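S.K.: The following block contains the structure, expressed as structure tokens.
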Amino acid sequence: MSSMNAFYAQSGGVTAVINATASAVIETARKHRKHISNVYAGRNGIIGALTEDMIDTNRESAATIRGLRHTPGGAFGSARYKLKSIEENRAEY
């Protein structure tokens, strides 16, 4: 089985906790390169996926990703956008 990519999106209030979560997700994915090639982060949350505006976290060093643990705000932006159900808006999917 070939490795796949992962997608990470932040939603809600931007705090240092959100960045710590992002750091943990990316660091864990990097430990499993056999299964996960890369983590793409949606710029401004799920809106980044909908508009194909994603950040390639492979371009960031391990030190930069580790630094997110103590960085205030939301490194990748956030959104409070709620997807409609697939029955209501298939185009979003």
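No value in this document is a laboratory result; all are computed from the given coordinates. None of the values given here were measured: they were computed from a predicted structure. For neighbour counting, all protein chains shown are included, and Cβ atoms are generated from backbone atoms with ideal geometry for every residue, glycine included.
S.K.: Express as a percent, rounded to the nearest 5, the fraction of DSSP beta bridges in the chain (both residues included) that run antiparallel.
M.R.: Working: 3 of 9 bridges.
Taking every DSSP beta bridge within the chain, about 35 percent pair in antiparallel fashion.
S.K.: Looking only at region 3-26, which residues have a backbone nitrogen under 17 Å from a spot 7 Å from the Cα of Thr64 in the C-beta direction?
M.R.: Answer for region 3-26: 8, 19-20, 22-26.
S.K.: Here's another thing I want to ask about it. In square nanometres and to one decimal, what's the mean projected area of the convex hull around the Cα atoms of the chain?
M.R.: Values: hull surface 26.2 nm².
One quarter of the hull surface, i.e. the mean projection, equals 6.5 nm².
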